[in-house]
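Chemist: Got a structure here, written out as C-alpha cells. Questions coming.
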Amino acid sequence: MSKTEQPGRAVGDTDRVPWVRPIIEGDDALLSDIRKALVTGQVTNNGEFVRTLERRLADYFGVEDCVVVASGSAALLLATRALGLAGARAVVPAFTFIATLGALVHNGVTPVFCDIEPDTWTLSPTHLGRLLASDPAIRLVVPVNVFGVPPDLPALRRLLSGTPTALLFDNAHGLGTESGGAHCTREPLIQTYSLHATKTLPGIEGGAVVSSDPRLLAEVRRLRNHGLAADPLESTPGFNAKMSELHAAVALRSLESLDAALVRRREYAARLRRVLEEDGRALFVTQRIPDGVRSNFQNLAVLCRREDRGGLSAIQAEFAGAGVETRRYFWPALHDLPAYRGRFSLPVTEAVARNVLCLPLHSRMEPAVLERIEASIRQVAARFA
C-alpha cells in the first residue's frame, strides 16, 4: 500500500474515494455509435438507438415492451401522469429521493407519507394497511426500491387487491436486482427505472417505464413527445422527455456490460458488508436483504448505532480523514421539508434518516481502494464504538 493509500491520514479531494463514481465503458464501439449519430444527424426523436434500447431492455426485464425517457424523474412524472390521478391522494415513503415526491406534486397528487420497515428501510405494509383503512381517498401507492432492496411487493399487492388503488413502483435503484429469480417483478401496475450516471446501468441521463398495461405505455410514449397524438386534433399538453440517441448509445453499451458490473458490485458489497458485520458490528448495522432477493447493491448503506460523540458529522469526518467520502442519503426525510413538517409521525423513518450513512461502492474498484475502505471501517468502529 502506497503512502497515498494509508488510512487515517488527511487527503485531498483528488486522493479520496468518492461515495459514487460513474463507470461508463467509453470504448471504440461506443464512440463509433456516437459518431454515427452525429454524422447522420439522427440524434433525437425516437431514433435507431432508442428503439434498440427499448427492445433490449424489454428482453432483459422479460416483458413485452418498455419505454425509455430522458431521466428517471421524467419516468416517474410521466407514469404518474399516465394514470390520470390529478386531485387524488397517494401513499409514499418519506425515506426516498425528492424526485419521488416531485412526480406526485407536479401531477396534482397529494402525498400521504408512510413509515418504513426498520431493517430493509422500505415501505411498511403494516403502516400502509392502517393508512388505507383510515383514508378512503387514497388512489395510489408508490413504494420505493431502497439502495437495491425492493419492498415487499406481494404484501402490498394483497393489501390493494379489490380496491381502486393503483401500485406504481419507483424502482430507480433496482435495475439488476432480482426478486424470485426475475429481473422485473409483476406486482406493480407500472414501474420506473433510472439510467442516471450513478446507477448500475448508466446512460448518463435516462429512465425507463414498464407496465402490464400496454395502454399506459402508449400514453407514456405520447406524453414524452409533447403529448402529440396520431391525430393532431387529439393532442393534449405533454412534455419534451425524449431520450437522445447519444444517451441511448451509452445505455446500450452499459447494458452489454451490466452482468459483469453486477458480479463485481456484489463481490465488493459482500466483502465490505463482511467487515461491517464482523469488525464494525459494535457501531454499524447493515441493511437486511430479504430472502429471495439478489440485490444489485446500488448503494452500500449502514445505520450508525451511536448518536453521541458528535453524531454522524464526527463519523463522516473520521472517514474523510482516511480519504473515504460518505453521504447521508436519503436525508432529510421528505416529511421534514417545510411544506410537510410536523404533519406526519414516522418514528422508524426518523430514526433511519437520522442515522443512515452511505459508504463508497462503484461498479469497478481496485483492490487498494477496497482495502482503504475496509481499514477506514475498522478505524471508525474502533474510534466510536
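Chemist: Restricting attention to segment 100-138, which residues are within 19 Å of L153 (Cβ to Cβ), out of contact with any helix residue (DSSP H, G or I) (no Cβ under 6 Å at 6 or more places or on another chain) and not hydrophobic (A, V, I, L, M, F, W, C)?
Modeler: If the condition is that a residue be within 19 Å of L153 (Cβ to Cβ), out of contact with any helix residue (DSSP H, G or I) (no Cβ under 6 Å at 6 or more places or on another chain) and not hydrophobic (A, V, I, L, M, F, W, C), then T100, E117, D119, T120, T122, S124, T126, H127, R130 are the ones that fit.
Chemist: Pick out the one residue from G227, G280 that is in contact (Cβ under 8 Å) with a residue 12 or more places away in the chain, out of contact with any strand residue (DSSP E or B) (no Cβ under 7 Å at 6 or more places or on another chain) and on the phi > 0 side of the Ramachandran plot.
Modeler: G227
Chemist: Just to be sure, is A58 touching a helix residue (DSSP H, G or I) at 6+ places or on another chain (Cβ under 8 Å), outside any loop (DSSP other than H, G, I, E, B) and either at pLDDT 95 or above or open to solvent by 80 Å² or more (accessible area, probe 1.4 Å) (or both)?
Modeler: Values: touching a helix residue (DSSP H, G or I) at 6+ places or on another chain (Cβ under 8 Å): no; outside any loop (DSSP other than H, G, I, E, B): yes; either at pLDDT 95 or above or open to solvent by 80 Å² or more (accessible area, probe 1.4 Å) (or both): yes.
Answer is no for this residue.
Chemist: Another question, if that's okay. Got at least one residue in segment 119-128 being within 27 Å of E205 (Cα to Cα), hydroxyl-bearing (S, T, Y), touching a residue at least 60 places away in the same chain (Cβ under 8 Å) and in a loop (DSSP other than H, G, I, E, B)?
Modeler: Residues of segment 119-128 within 27 Å of E205 (Cα to Cα): 121-123.
Imposing the further condition that a residue be hydroxyl-bearing (S, T, Y) reduces the set to 122.
Checking the rest, the ones that are also touching a residue at least 60 places away in the same chain (Cβ under 8 Å) come to none.
There is no residue in segment 119-128 that is within 27 Å of E205 (Cα to Cα), hydroxyl-bearing (S, T, Y), touching a residue at least 60 places away in the same chain (Cβ under 8 Å) and in a loop (DSSP other than H, G, I, E, B).
Chemist: Mind listing just one residue for me: the one in segment 255-281 that is among the acidic types (D, E) and in a helix (DSSP H, G or I) and, of those, nearest to the chain's Cα centre (by Cα)?
Modeler: Step one: list which residues in segment 255-281 are among the acidic types (D, E), which gives 256, 259, 267, 277-279.
From the residues that got through so far, the ones that are in a helix (DSSP H, G or I) too are 256, 259, 267, 277-278.
Working: E256: 20, D259: 18, E267: 20, E277: 24, E278: 27 Å.
Per the criteria, the residue is D259.
Chemist: Related question: Being buried (at least 20 other Cβ atoms within 10 Å of the Cβ), touching a residue at least 40 places away in the same chain (Cβ under 8 Å) and under 23 Å from the mean Cα position of the chain (by Cα): is that true of V63 here?
Modeler: Values: buried (at least 20 other Cβ atoms within 10 Å of the Cβ): no; touching a residue at least 40 places away in the same chain (Cβ under 8 Å): yes; under 23 Å from the mean Cα position of the chain (by Cα): yes.
When the stated conditions are applied, V63 does not pass them.
Chemist: Across segment 168-188, what is the number of residues that are within 15 Å of D213 (Cβ to Cβ) and buried (at least 19 other Cβ atoms within 10 Å of the Cβ)?
Modeler: Applying the first criterion (within 15 Å of D213 (Cβ to Cβ)) to segment 168-188 yields 168-169, 184, 186-188.
Filter once more, so that each one left must be buried (at least 19 other Cβ atoms within 10 Å of the Cβ): 168-169, 184, 187-188.
Going through segment 168-188 one residue at a time, the tally reaches 5.
Chemist: Confirm whether L168 is part of a helix (DSSP H, G or I), in contact (Cβ under 8 Å) with a residue 24 or more places away in the chain and either in contact with a Ser or Thr (Cβ under 8 Å, 6 or more places away or on another chain) or over 18 Å from N296 (Cβ atoms) (or both). Give the steps one after another, and end with the answer.
Modeler: Values: part of a helix (DSSP H, G or I): no; in contact (Cβ under 8 Å) with a residue 24 or more places away in the chain: yes; either in contact with a Ser or Thr (Cβ under 8 Å, 6 or more places away or on another chain) or over 18 Å from N296 (Cβ atoms) (or both): yes.
So L168 fails the test.
Chemist: Does R157 fit the bill of being part of a helix (DSSP H, G or I), open to solvent by 50 Å² or more (accessible area, probe 1.4 Å) and under 22 Å from V293 (Cβ atoms)?
Modeler: Numbers: part of a helix (DSSP H, G or I): yes; open to solvent by 50 Å² or more (accessible area, probe 1.4 Å): yes; under 22 Å from V293 (Cβ atoms): yes.
Answer is yes for this residue.
Chemist: Also: For segment 25-41, which residues satisfy the criterion of being modelled with pLDDT of 95 or more and not in a helix (DSSP H, G or I)?
Modeler: Selection gives G41 alone.
Chemist: Then there's this: Kindly indicate which of L77, L53 is outside any loop (DSSP other than H, G, I, E, B), modelled with pLDDT of 95 or more and open to solvent by less than 10 Å² (accessible area, probe 1.4 Å).
Modeler: Working: L77 fails: open to solvent by less than 10 Å² (accessible area, probe 1.4 Å).
None of the other options fit; the residue is L53.
Chemist: Take the residues in segment 203-234 that are among the hydrophobic types (A, V, I, L, M, F, W, C) and open to solvent by 80 Å² or more (accessible area, probe 1.4 Å); name whichever of them is nearest to L78 (Cα to Cα). Break it down into steps so the answer makes sense when it comes.
Modeler: First, pick out the residues of segment 203-234 that are among the hydrophobic types (A, V, I, L, M, F, W, C): 204, 208-210, 216-218, 220, 223, 228-230, 233.
Subset that is open to solvent by 80 Å² or more (accessible area, probe 1.4 Å): 228, 230, 233.
Working: L228: 14, A230: 18, L233: 21 Å.
That would be L228.
Chemist: Determine whether R378 is among the basic types (K, R), farther than 14 Å from F95 by Cα and modelled with pLDDT under 95. First the steps, then the outcome.
Modeler: Numbers: among the basic types (K, R): yes; farther than 14 Å from F95 by Cα: yes; modelled with pLDDT under 95: no.
Taking the combined requirement at face value, the residue does not satisfy it.
Chemist: Same structure again: What single numbered condition from (1) within 17 Å of the chain's Cα centre (by Cα); (2) under 18 Å from A82 (Cβ atoms); (3) surrounded by fewer than 24 Cβ atoms within 10 Å (Cβ to Cβ) fails to hold for D152?
Modeler: The number of the failed condition is (2).
Chemist: Applying the selection to segment 189-208, what residues are within 22 Å of R81 (Cβ to Cβ) and in contact with a helix residue (DSSP H, G or I) (Cβ under 7 Å, 6 or more places away or on another chain)?
Modeler: I190, T192, Y193, S194, L195, H196, G203, E205, G206, G207, A208
The values are calculated or read from the model by the stated rules, or taken from the named source; none is laboratory data. Keep in mind that what you see is a predicted model, and the values were worked out from it rather than measured. In this analysis, Cβ positions are derived from the backbone assuming ideal geometry, glycine residues included, and neighbour counts consider all displayed protein chains. The area values use the complete protein model at the heavy-atom level, side chains included, leaving out ligands, DNA and RNA. Shrake-Rupley method; radii C 1.70, N 1.55, O 1.52, S 1.80 Å.
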